[in-house]
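The values are calculated or read from the model by the stated rules, or taken from the named source; none is laboratory data. A quick note: this is a predicted structure, and the numbers were derived from the prediction, not measured. Because the Cβ atoms are built from the backbone with ideal geometry, glycine has one as well, and the counts that use them run over all protein chains shown. Accessible surface areas use protein heavy atoms only, side chains included; no ligands, DNA or RNA. Shrake-Rupley method; radii C 1.70, N 1.55, O 1.52, S 1.80 Å.
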Amino acid sequence: MKPAAFSYHAPETIAEAVAILAEVAPEDGRVLAGGQSLVPTMAFRLARPAHLVDINGVEGLDRLVLDGDELSIGACVRHAAFHRPVVEGCLGPLLSSVARHIGHYPIRQRGTFCGSLAQADPASEWCLAAVTLGATMTAMSVRGSRQIRARDFFEGIMTTALADDELLTEARLAIPPSDTRFGFAEFNRVAGGFAIAMVLAAFRLEDGVITEPRLGVGGVEERPRRIAEAEAALEGRAPGAEAFRAAADAAAGAVDPMEDINTSAGYRRDLVATLAFRALEQAGRALEQAGA
Amino acid sequence: MNAKHDITLAINGEAYAISVEARRTLADAIREECGQTGTHLGCEHGVCGTCTVIVDGAPVRSCLMFAVQCDGASIRTVEGLADGGEPHPLQRAFMEHHALQCGFCTPGFLMLAVAVLERDPDIGDEDLLDILSSNLCRCTGYANIVKAVRAAAAEMRQC
Ligand SMILES: Cc1cc2nc3c(=O)[nH]c(=O)nc-3n(C[C@H](O)[C@H](O)[C@H](O)COP(=O)(O)OP(=O)(O)OC[C@H]3O[C@@H](n4cnc5c(N)ncnc54)[C@H](O)[C@@H]3O)c2cc1C
Ligand code: FES
Ligand code: FES
């Protein structure tokens, strides 16, 4: 189908954008970023916003910079910006390998990192990365600006802490210590499809044992989250199949999986065990390659 | 809401001054207002890729952009590939390798492949396969499309 009629606004500054949003948000006025989720929803007439505020021409929102010990990702930074590592060290390659799982190449030319966070699809790779790596979001409105931590940002399926009149201007990712090792594993049935389940794992080693473990699960529950039980199973253990298996089983036991017409809760739970193990093994291999 | 916007689309180097509602997708504007019907529409929600065109150098789904967003942008469609009567190397390779049957998906595959090979002529096989998986074809089974794109890539590297 074709999208329903709407009024189009193309602000050039953040101040202009939030002023328009303040005016049109009460009439279901929305931000248009990459349009790769919003436009299909409008084509299905599942969304019929009366106004769209196109932020693609807003000055400064395409900024992707290293700011102190954080990577600042502006609202118009596309998925494709991460195809090649954007920062030195371990974070750049990790973001590249995650980005490749988002839809298809042409989708990644338009879709944005921040748009994915605002959309809050349970199976969004960037939402999982934001939660697992500990991102901070900056929300702006005519009322001012505020910071929202990832764990407070995602409230449920396609629901975030953003108010209707707030513009997400940037997401900030903390740069992890350079000896952090990562693994990412995802499963879906067709190329470019949304994940049925995915796991992002990270840890460091100190005196031969795992420290600062992080294990995040996405696509399984209504929002991505870190699994404390799995992290506890890794902390202080030597990296290897035994510890990874214990953590993977702990993760599978701790999740409360969604069900859909193709996928039972049990199937998703099994996937969590398999993917957690694969992600941890990958992180382990990264260790060997680094000669640690 | 139904107000029309006066915009100019530069399609294959030719300027089209048109007047469209904001809700008009780029794909529909290219076909209806500009009369360039080589760009096809399958799903109209981003899944099939037959509407792929090149906007300012990037291959994009034209069903997921609004025409007003492309005012002044440089757009390339399948009509712009041939040089006079001479088909583009990719078009020739598609014919030689039987990379189409009904041809509905072909404009999308051509524009996707052209954009990618122009950007990265030395692209690896695995990356190429990953990118070609962006679009759907219900006829060929893909093998000949992959063959054709590989052959054209080799030819384009030589010249
Ligand atoms: C075929 C296909 C396959 C896909 N596969 C995947 C996949 O595997 N994984 C995945 O994660 N995604 C996938 N996507 C979705 C894609 O990643 C989108 O780009 C992303 O979900 C939304 O980003 P966007 O910039 O396109 O946002 P838009 O579509 O423009 O907006 C999405 C929503 O967020 C709001 N919004 C956007 N930016 C802001 C902002 N800065 N401030 C406040 N609100 C904002 C909008 O108002 C809207 O409600 C797929 C899409 C398609 C069409
Ligand atoms: S018509 Fe645009 S992707 Fe199918
Ligand atoms: S040739 Fe018929 S859909 Fe591809």
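Just a few scattered comments:
- Across all C-alpha atoms in the range B:89-158, the radius of gyration and Dmax reach 10.8, 32 Å.
- Accessible surface buried by the A/B pair amounts to about 2500 Å², both sides summed, 1.4 Å probe.
- Close amide H pairs (under 5 Å, H built 1.01 Å from N) link A:T160 with A:E155, residues at least 5 positions away or on another chain.
- Once the Cα atoms are used to define both axes, helix A:241-254 deviates from the longest principal axis of chain A by about 50 degrees.
- Angle in degrees between helix A:265-289 and the longest Cα principal axis of chain A, rounded to the nearest 10: 70
- Estimated from the Cβ-Cβ distance and a Förster radius of 35 angstrom, the FRET efficiency linking A:E235 and A:D28 is about 0.15.
- Phi angles across the range B:126-136 convert, under the Karplus curve 6.51 cos²θ - 1.76 cosθ + 1.60 with θ = phi - 60°, into 3J(HN,Hα) values of 5, 5, 4, 4, 4, 5, 5, 6, 5, 10, 9 Hz, Gly and Pro given as x.
- A:A163 versus A:E12: modelled label distance in nm, points set 7 Å from Cα along the beta carbon direction: 2.9
- Within the range A:110-128, the residues that become at least 30 Å² less accessible when every protein chain is included than when their own chain is isolated (1.4 Å probe; DNA, RNA and ligands ignored) are A:R110.
- Relative contact order (%) - criterion: Cα under 8 Å, at least six apart; region: the range B:40-99: 23
- Accessible area (Å², per residue) of the range B:4-79, counting only protein heavy atoms and a probe of 1.4 Å: 34
- Overall dimensions of the protein assembly as shown by Cα: Rg and Dmax, Å: 22.9, 70
- Alpha-carbon centroid distance for the pair the range A:1-66 / the range B:50-76, whole angstrom: 17
- Label-point separation in nm, B:K4 to A:D152, each point 7 Å along Cα→Cβ: 5.0
- Once all protein chains are placed together, A:D256 keeps about 120 Å² accessible to a 1.4 angstrom probe.
- Residues in the range A:1-32 reached by a label modelled at A:R143 [backbone nitrogen below 18 Å; 7 Å Cα→Cβ]: A:15, A:17-31
- Average accessible surface area per residue within chain A, 1.4 Å rolling probe, Å²: 42
- Taking 7 Å steps out from each Cα toward its Cβ at B:N12 and A:A4 produces label points 3.7 nm apart.
- Once the C-beta distance of B:D71 and A:R45 is scaled by a Förster radius of 22 Å, the resulting FRET efficiency is 0.30 to the nearest 0.05.
- Over chain B, relative contact order from alpha-carbon pairs under 8 Å, at least 6 apart, %: 23
- Basic side chains Lys and Arg get +1 at the Cβ, acidic Asp and Glu get -1 at the Cβ, and with that the dipole of the range B:48-144 about its Cα centre reaches some 440 debye.
- Members of the range A:1-32 that become less accessible by 10 Å² or more once partner protein chains are added (1.4 angstrom probe, chain alone as reference): A:M1, A:K2, A:P3, A:A5, A:F6, A:S7, A:Y8, A:L32
- The length gained by stretching the chain between A:A174 and A:S96 to full extension, at 0.36 nm per residue less their Cα-Cα distance, is 26.5 nm.
- The range A:194-292 - percent relative contact order, Cα under 8 Å, separation 6 or more: 28
- Solvent-accessible area, 1.4 Å probe, carbon plus sulfur percent, for the range A:181-285: 47
- The angle between the Cα long axis of helix A:14-24 and the longest principal axis of the Cα atoms of chain A comes to about 70 degrees, rounded to the nearest 10.
- Its Cα gyration tensor gives chain B an equivalent ellipsoid, and the semi-axes of that ellipsoid, as √(5λ) in whole Å with the largest first, are 28, 16, 14.
- Here the Karplus relation 6.51 cos²θ - 1.76 cosθ + 1.60, evaluated at θ = phi - 60°, turns the backbone of the range B:88-94 into coupling constants of 5, x, 5, 5, 4, 4, 4 Hz, with x for every Gly and Pro.
- Hydrodynamic radius of the range A:181-285 per Kirkwood, over alpha carbon pairs, in Å: 13.4
- For residues of B:130-142, the mean tally of beta carbons on other chains within 10 Å: 2
- If R0 equals 22 Å, the separation of the Cβ atoms of B:D127 and B:D56 corresponds to a calculated FRET efficiency of about 0.50.
- For the range A:98-115, 3J(HN,Hα) computed residue by residue from phi via the Karplus equation (6.51, -1.76, 1.60; θ = phi - 60°) reads 6, 4, 4, 8, 8, x, 10, 3, x, 5, 6, 6, 10, x, 10, 4, 5, x Hz, glycine and proline entered as x.
- Cβ crowding within 10 Å averaged over residues, with A:226-235, A:80-89, A:103-112 ranked highest first: A:103-112, A:226-235, A:80-89
- Of all DSSP bridge pairs formed entirely within chain B, close to 90 percent run antiparallel.
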